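This report refers to the structure that appears directly beneath it.
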Amino acid sequence: MTPSRTALRVVVATAAALVLASCGSDPLSGDGDDGDAIVIGSQDYYSNEIVAEIYAQALEADGHEVDRQFRIGQREAYVPEIESGDIDLFPEYSGPLLQFWEPDTEARLTDDVYAALEEATPEGVRVLDQAEATDQDSYVVTREFAEKWDLTTIADLAEVTDDLTLGANSEAESRPNGPQGLESAYGISVDFAPIEDGGGPLTVKALKDGDIQLAIIYTADPSIRKNDLVSLEDPEGLFLASHLVPVASENIDDDAAAVIDEVTAAMTAESLLELNQRSVDEELPAKTIAADWLASVDLD
Amino acid sequence: MTWLENNSDWVVELTIQHLFLALAAIVASVVLAVAVGRVAYVRPRVRQPILAAASVVYAIPALPLLIVIPLVLGVPLRSPTTLVVALTLYGTALLVGTVVDAFSTVDAGVRDSAVAMGYGRQALFWRVELPLSVPVLLSGIRVVTVSTVGLVTIGALVGISSLGTLLTDGFQRGITSEILIGVLMTMALALALDGALVALGRLLTRWQPRRRRRARTPLGSTEVIV
Amino acid sequence: MTTFLDALTWIADPANWGGAQGISARLLQHLAVTLVAVLAASALAIPLGILIGHTRRGRGVVVALAGAVRAIPTLGLLTLLALLLGVGVEAPLLALVALAVPSVLAGAYAGIESAEPAAVDAARAMGMSELQIVRNVELPLGAGVLVGGLRAATLQVVATATLAAYTSDTGLGRYLFIGLKARDYPQMLAGAILVAVLALLLDRLLATAQDRASRLAHSTEGTP
């Protein structure tokens, strides 16, 4: 083969690869400018994605067009997109969202948090009704540890004479409900071990291995029940009440809002736990879990 | 493997997304590295600075790079562009040294005879130097390909879907088989692309075995093959 | 740009250097994790690489295996190991060893193989044992390439050792995670800059070592 033909082949092959690659960027780039479709987002958290999928299927069943933009990282990544109107509907949690917009909030109880959240919501965005279901941070210990020291509330930790190490995401170390909060609200001092899985399996394993004695885990996490862990009560209100609450843009009309309100009304605490459990234990995709649940509450 | 049965559609979808993200970054890395490496080869004075810059880029941890790129380019954090740009930077940094080596392997005699035959600078590059540097170039591209396919997974940490999503999702849900599928599919994809490159290399360097064959026969050993 | 300046200010602030979570402590931890990972990978890969390079056997199998290891996404390996081993520095350390092995291995066998067959044959003709050939001929001749492999591995490990902070309170990666989660981007960028500077220092150090080793090869050339 002559060099010129070889060179030609290199060029052709490269061009072909480039074309391939540029086609590839197409299906990946979802800017959500999909006409009148309602853009629904979700956190990069399996439980949140199931709820978003439920919203999507309920709206589709009612004849709306829906554009799914799921698994968008953390709050800092997606909240700007909600505020700018690029995302129309997003399942959120009242307490953490309020803290995101208003870090110094004093509100702790369910209704106070919801009222403060309505206040704090920026222009062009609103929160719909909140659900009974909660998914909030809680201090968790093993059953064995709870029985050994007779613990039911966080305050009881004062009786523990062993060293206590708290395992949680890094941000807990500087947040008011982390070690500082334990010290100031309950007078309990703990060491801190960062584990970056948001109270996931690694945190649970560390608890069971005894590497940590105390962890922050979501109340709706099935691993609490599965691993026989105990959530300690929080009489001083370190953690804000955190109910499931849809955040909506102006693009959500009354008709669509009514559909979501119906879903919210059916979303009990037990429902959310069950949805999470099916995801973790039966290893089902969000689509299936959402469809089954909507059928079970006659909203399909 | 209940998880795989329930989620096979999703795995296929994520594999395709992963493939496109990786291909875009690999192709961009190769084009950029050949261009930059060519400059470094032709001008020895800038060679050291360019190679030093390449090791600086390679030393930047991936996670902050994913945060900084959107700040600089003004694209959303979870845009595929962010990831492709980051991976292109790594890929180019990894490849540039090999490109310089590849051009250095082109025999000076071959280059001189091409010039004597009337090849201009452009023709010399496209028809002689680039094709002849393919074997070394390809070895570098193979390394970049395998590492890029692996690195696409980190996009999952900032919400860019790929097989990496199975790693973070599987971790959250505590489903080991999901993580395992994510790891195995990523490896399979890397090795498949690597295999494709080897095949492409054979196609592009058909001149090579002929050269070796002739070189082995005593009479042909002095022949110059262009 | 302001973020970048803020990051530099953060690094320049002496208050951020002391204590158990200060920059000095984090730098040392990061360095320790990197060294342990590269040393462990070397203990595994260098003897294996010498064996393959010397005997010229099993190269295909090992190269294919190293390629497969290279293709493992480090994030995936880390999560799997973490689920298996629990929190602490063990899981990230093992993942980093896996990351370093292919580069060290490639450097070792390519280095040994780069010794000229004529030199090796001459040594054999002089009655050197195989072990002596490796020690006196092949290793000195291939030292430059071998150190090159170590250098590539170290650069990869230093940048990736930030992942150690995913499951333990170790290294400069802490600044990345704290910065990311608390949206304190100057702190995160500061962590990245520190990692990059550490990587470059180590790279320069190993580049010098590589030069010395290569010169060693040239000075021994012709001695057998």
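Once the Cβ-Cβ distance of B:Ala53 and B:Val75 is raised to the sixth power relative to R0 = 30 Å, the FRET efficiency obtained is 0.85. Separation of segment C:99-170 and segment C:1-46, taken as the distance between their Cα centroids, equals 26 angstrom. For segment C:49-72, backbone nitrogen atoms closer than 20 Å to the point 7 Å from C:Gln132 Cα along Cα-to-C-beta are found at C:51, C:54-55.
In order along segment A:221-226, phi translates into HN-Hα couplings of 6, x, 5, 4, 6, 4 Hz, rounded to whole numbers, per the Karplus curve 6.51 cos²θ - 1.76 cosθ + 1.60 with θ = phi - 60° and x for Gly and Pro. What does the charge count near C:Leu85 come to, summing +1 for each Lys or Arg and -1 for each Asp or Glu among other residues with Cβ under 10 Å from its Cβ? Counting the neighbours of C:Leu85, the net charge comes to -1. Each peptide in A:241-250, A:75-84, C:91-100, C:157-166 was scored by the mean count of other Cβ atoms within 10 Å over its residues; highest first, the order is C:157-166, C:91-100, A:241-250, A:75-84.
Taking the DSSP beta bridges with both ends in the protein assembly as shown, the antiparallel portion is around 55 percent.
If each DSSP helix of 4+ residues adds -39,500 (n - 2.57) and the sum is divided by the residues in the protein assembly as shown, what number results at 222 nm, nearest 500 deg cm²/dmol?
Values: 30 runs with 478 residues, N = 750.
Rounded to the nearest 500, the figure is -21000 deg cm²/dmol.
By the count of other C-beta atoms within 10 Å, a proxy for reagent exposure, B:Ser147, B:Ser162 are ordered fewest to most as B:Ser147, B:Ser162.
Derived scalar couplings between HN and Hα for segment C:194-211 equal 4, 4, 4, 5, 4, 4, 5, 4, 4, 5, 4, 4, 6, 5, 4, 4, 5, 4 Hz in order, rounded to whole Hz, by the Karplus curve 6.51 cos²θ - 1.76 cosθ + 1.60 (θ = phi - 60°), x for Gly and Pro. Only one residue of C:Leu141, C:Ser214, C:Leu99 has its Cα farthest out toward the positive end of the dipole of chain C, where Lys and Arg carry +1 and Asp and Glu -1 on Cβ, and that residue is C:Leu99.
If R₀ is 30 angstrom, what is the calculated FRET efficiency for the pair A:Arg143 and B:Glu5, using the beta carbon separation as r and rounding to 0.05?
Working: r = 34 Å, r/R0 = 1.12.
Using R0 = 30 Å, I get an efficiency of 0.35.
The HN-Hα couplings worked out from phi for segment C:76-81 by the Karplus form 6.51 cos²θ - 1.76 cosθ + 1.60 (θ = phi - 60°) are x, 4, 4, 5, 4, 5 Hz, whole numbers, x standing for Gly and Pro.
In debye, nearest 20: dipole of chain B around its Cα centre with unit charges on the Cβ of K, R (+) and D, E (-)? Could the numbers behind the result be given before it?
Numbers: 18 positive and 11 negative charges, 253 e Å.
Dipole size: approximately 1220 debye.
As a calculated quantity, the FRET efficiency between C:Leu35 and C:Ala15 at R0 = 41 Å, using C-beta atoms, amounts to about 0.90.
At a 10 angstrom cut-off on C-beta neighbours, averaged per residue, how do the peptides A:43-54, A:99-110, B:56-67 rank from highest to lowest? Mind dumping the intermediate values first?
Values: A:43-54: 24.0, A:99-110: 14.7, B:56-67: 20.9.
Most protected by this proxy first, the peptides run A:43-54, B:56-67, A:99-110.
Across peptide B:122-131, the average count of Cβ atoms from other chains found within 10 Å of a residue's Cβ is 4.
What is the sum of charges, Lys and Arg at +1 and Asp and Glu at -1, for the other residues whose Cβ falls under 11 Å from the Cβ of A:Glu173? Walk me through the numbers before you get to the answer.
Working: positive: A:Arg175, C:Arg174, C:Lys181; negative: A:Glu171, A:Asp191, C:Asp169.
For residues surrounding A:Glu173, the net value is 0.
Summary value for chain B: 24 percent relative contact order, contacts being C-alpha pairs under 8 angstrom separated by 6+ residues. Within the straight-line cut-off of under 26 Å between alpha carbons, the lysines reachable from A:Lys148 are A:Lys205, A:Lys208, A:Lys226, sequence neighbours fewer than 8 places apart in one chain being disregarded.
Every read-out reported here was derived from the displayed coordinates using simple, explicitly stated rules and does not represent laboratory data. Since this is a predicted model, take the numbers as computed values, not measurements. Neighbour counts run over all protein chains shown; Cβ positions are idealised from the backbone, glycine included.
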